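The values are calculated or read from the model by the stated rules, or taken from the named source; none is laboratory data. All values derive from a computational prediction rather than experimental measurement. Here the Cβ positions follow ideal geometry from the backbone for every residue, glycine too, while neighbour counts run over all protein chains shown. These accessible areas exclude ligands, DNA and RNA; they are computed on the full protein's heavy atoms, side chains included. Shrake-Rupley method; radii C 1.70, N 1.55, O 1.52, S 1.80 Å.
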Amino acid sequence: MSEARSLTYVEVDIDYCANTYGVAPCTASIPSTGDIKCFNCVSTCQDRENFTNDPVTLRFGKATMALPPPDDIPCIPNLLSAQIMAGVVSLGQDLGQRTTVTATFSDHPHPDTGEGFDKYHAERDYNPFEQGTMWGKFRSRQPYLRNRPFRLIRGQVGQSLSEMETRHYIMEASDGPRPDGTFSINAKDVLKLADDERAVAPLPSEGTLVSDISAVDTIAELAPNGIAQTDYPAEGYVCIGGNEVCKYSRGLGGIDANTILMLHFDGADGAATTGAIIDSGPNALVPSNIINAELDNAHPAFGATALHSLGTGSVIYADNALFNLGTSQFTFDCRVYVSSLASARMLVAIGNNEANNNNALRWFITTGGELTLTVTSGGSTLLNFISSGAGITINTPLHLAVVRAASNVFTFYVNGVAVGTTTTAVTVPNYTGHLRVMIANDALSSPFAGWLDEFRFSNVARWTAPFTPPIGPYNEATLDDLQLLERGAFNTTAIAHKAEERVQLCLLYDGVSPDLIIQDLFENYTPGFDPAWITIDAWSAEVSSYLSRVYSTIITEPTGVNTLVSELVMQAAL
């Protein structure tokens, strides 16, 4: 490129407040917060809480005879030089050494006008051009340059900025104004952002245990209050005390004062006694009988077992005032794995004659795979609510729910999706009969044909809109708790932990290609990294052509991104 026709620009992005001094939301005022108006920068802000950053780009050009007029490419023509010290690429070893750019500018008087400078220059009691130099003002107002964007642009006369070559860097330090009338900015290539002292993955977690937990406890309450909801995803892995990894789900809850009956159906495979069916709710109800059913380990939703029908039977609970629903809200929900729809499959019934449905509330699946809720009294039908295209499929794990909410609104849900709703004013009679879970058909002559798990009966409307089914069994945990689904995961040992031990969120990669791992580490764990810098399609194409491997790991403590990427570069010979 001919020196006479070459053009060089440097762009820097600085923080700049979009507010106007003293105008809402800015609450600054003279003399309450300061003697003079600010300069719309962080260092002079008098109302930090309402600082509204709207970054401004300052462009500087190398003064040559070929420099385009300001109307074509606006710039401040004080760039003296931009020297590059090339980096070192370490193929298959690490991220190498960073490229360094040193831009040197001439210092000079400046009227303090234009975008990014003093909004209120006309109101000052001095002439800005005669007071201070440009870089002197810049240095005092913009002391926080580290990691801010810096762009070196090179082209030739006749090209637009977009047609020129742009190289991206981040500012590292500045120097000056110096006695020789110069100012310099030192910048590094963008991978500097990934240095271990600047970027770590996973991010440090602030949650700690509220109280001691034993080696078998399954609920961990975190402090400070509310941190589980703000800092921990709905599910994942945590490392407690730096030595035990646990799989968790965040505060499922679901067992509370509104729980009438909570059956996890967990126990020994083949157990078929009333003592094996445990009510984990606050009422601790014990079944009066269990007929032709047992706990079975074939298709549990959670835990080791689920309830499996062996014939025309069910789990029976004697009449209880808790079963009197009247006009109250209620929810039945459960997990099912239906193996056949040859006849209607009863999920639950309350009544004294559910066999012929003369006096009973019944929730069941029809042979066509529809959910149905019926209420009868003395042979008269008070409610016959059928879902609309529920499409219950066999040999498929499903979460089912029926909810009666306020204003007599009944809704069916399959896997959290509403599959039917109706509004019907009905009073459920106070039946004097029992409650049966998992029943055969009307004549009690055909078995349920499947498995039922995680059955809950509540006297409240648990859902009034579509929802995501819980990812684990219900418990007494709150939204501020972590439910520990698996203690001692990833070959760690389940041990007791003391209050105030740190609960660190882990970062898991399970069968992920290296290009996507590096993309995630840069984009989500490297502050200031612009996703536009990654040509992921090209990365992925190269990995697909030359490296047909995926990688799995769990990172249990905050680790420098540079270290993590360098390890992957070495392992994958990138």
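Screening Gln229 with (1) open to solvent by 60 Å² or more (accessible area, probe 1.4 Å); (2) over 16 Å from Thr208 (Cα atoms); (3) of a type outside the set (A, V, I, L, M) gives one miss only, at (2). Across the range 412-425, the number of residues qualifying as at negative phi, assigned to a loop (DSSP other than H, G, I, E, B) and either in contact with a Phe, Trp or Tyr (Cβ under 9 Å, 6 or more places away or on another chain) or surrounded by 20 or more Cβ atoms within 10 Å (Cβ to Cβ) (or both) comes to 1. The set of residues in the range 483-509 being open to solvent by 30 Å² or more (accessible area, probe 1.4 Å), more than 10 Å from Val245 (Cβ to Cβ) and modelled with pLDDT under 95 consists of Leu485 alone.
Of all residues in the range 476-506, those being touching a residue at least 12 places away in the same chain (Cβ under 8 Å), of a type in the set (S, T, N, Q) and farther than 26 Å from Ile255 by Cα number 3. Within the range 59-81, the presence of at least one residue that is modelled with pLDDT of 95 or more and under 40 Å from the mean Cα position of the chain (by Cα) is confirmed.
Filter the range 502-549 for residues that are acidic (Asp, Glu) and in a loop (DSSP other than H, G, I, E, B) and give the result. Please lay out each step first, then the result.
Step one: filter the range 502-549 for residues acidic (Asp, Glu), giving 510, 515, 520, 523, 530, 537, 542.
Within the range 502-549, Asp530 is the sole residue that qualifies.
Give me the residue from the range 550-564 that is over 30 Å from Pro55 (Cα atoms) and assigned to a helix (DSSP H, G or I) and, out of that set, least open to solvent (accessible area, probe 1.4 Å). Within the range 550-564, the match that is least open to solvent (accessible area, probe 1.4 Å) is Leu564.
Filter the range 18-51 for residues that are hydrophobic (A, V, I, L, M, F, W, C), in contact with a helix residue (DSSP H, G or I) (Cβ under 7 Å, 6 or more places away or on another chain) and in contact (Cβ under 8 Å) with a residue 60 or more places away in the chain; which is nearest to Phe150 (Cα to Cα)?
Cys41
Scoring Thr113 on the criteria (1) crowded, with 16+ Cβ neighbours inside 10 Å; (2) in contact with a His (Cβ under 9 Å, 6 or more places away or on another chain) leaves a single failure, condition (1). Residues that are of a type in the set (Ser, Thr, Tyr) and either at pLDDT below 90 or part of a loop (DSSP other than H, G, I, E, B) (or both) were ranked within the range 450-472; the one that is nearest to the chain's Cα centre (by Cα) is Thr468. In the range 201-224, the count of residues that are under 30 Å from Gln97 (Cα atoms), of a type in the set (A, V, I, L, M, F, W, C) and touching a residue at least 12 places away in the same chain (Cβ under 8 Å) is one or more. What do you reckon, is Ala199 open to solvent by 60 Å² or more (accessible area, probe 1.4 Å), touching a helix residue (DSSP H, G or I) at 6+ places or on another chain (Cβ under 8 Å), more than 16 Å from Val437 (Cα to Cα) and modelled with pLDDT of 90 or more? So Ala199 fails the test. Considering only residues in the range 114-166 that are of a type in the set (Ser, Thr, Tyr) and in a loop (DSSP other than H, G, I, E, B), the one that is modelled with the lowest pLDDT turns out to be Tyr144.
Taking residues in the range 82-99 that are more than 18 Å from Gly560 (Cβ to Cβ), and partners anywhere that are modelled with pLDDT of 85 or more and of a type in the set (Asp, Glu), the pairs with Cβ atoms closer than 9 Å and at least 6 places apart or on different chains are Gly87/Asp189; Thr99/Asp189.
Report, by residue number, each residue of the range 116-140 that is hydroxyl-bearing (Ser, Thr, Tyr), over 41 Å from the mean Cα position of the chain (by Cα) and surrounded by fewer than 16 Cβ atoms within 10 Å (Cβ to Cβ).
Matches in the range 116-140: Tyr120, Tyr126.
When you look at Thr421, is it of a type in the set (S, T, N, Q) and touching a residue at least 24 places away in the same chain (Cβ under 8 Å), yes or no? So Thr421 does not fit the description; no. For the range 427-441, the candidate set comprises residues that are surrounded by fewer than 18 Cβ atoms within 10 Å (Cβ to Cβ) and either closer than 16 Å to Ala349 by Cβ or at pLDDT below 95 (or both); within that set, the residue that is nearest to the chain's Cα centre (by Cα) is Asn430. Among all positions in the range 1-12, there is no residue which is free of Cβ contacts under 8 Å to residues at least 40 places away in the same chain and either surrounded by 12 or more Cβ atoms within 10 Å (Cβ to Cβ) or in a helix (DSSP H, G or I) (or both).
Could you grab me the full set of residues in the range 52-68 that are under 23 Å from Phe150 (Cα atoms) and not charged (D, E, K, R)?
The answer is Thr52, Asn53, Pro55, Val56, Thr57, Leu58, Phe60, Gly61, Ala63, Thr64, Leu67, Pro68.
Among residues of the range 38-86 being assigned to a loop (DSSP other than H, G, I, E, B) and among the small types (Gly, Ala, Ser), the one that is farthest from Asn19 (Cα to Cα) is Ala86.
Consider the range 13-45 and keep the residues that are surrounded by fewer than 19 Cβ atoms within 10 Å (Cβ to Cβ) and of a type in the set (S, T, N, Q). The one that is nearest to Ile170 (Cα to Cα) is Ser43. The residues listed here are Ala215, Ala223, Ala173; of these, the one that is closer than 21 Å to Gly472 by Cα and open to solvent by 20 Å² or more (accessible area, probe 1.4 Å) is Ala215. Hey, any hits in the range 529-540 for a residue that's under 30 Å from Asn243 (Cα atoms), surrounded by fewer than 14 Cβ atoms within 10 Å (Cβ to Cβ) and in contact with an Asp or Glu (Cβ under 9 Å, 6 or more places away or on another chain)? No: zero hits. Are any of the residues in the range 141-152 surrounded by fewer than 18 Cβ atoms within 10 Å (Cβ to Cβ) and over 38 Å from the mean Cα position of the chain (by Cα)? No, every residue in the range 141-152 fails to be surrounded by fewer than 18 Cβ atoms within 10 Å (Cβ to Cβ) and over 38 Å from the mean Cα position of the chain (by Cα). Among the residues of the range 389-411, the ones that are open to solvent by 50 Å² or more (accessible area, probe 1.4 Å) and among the hydrophobic types (A, V, I, L, M, F, W, C) come to 2 in all. For the range 377-388, a residue qualifies if it is open to solvent by less than 60 Å² (accessible area, probe 1.4 Å) and either within 41 Å of the chain's Cα centre (by Cα) or among the β-branched types (Val, Ile, Thr) (or both), and the qualifying residues are Phe385, Ser387.
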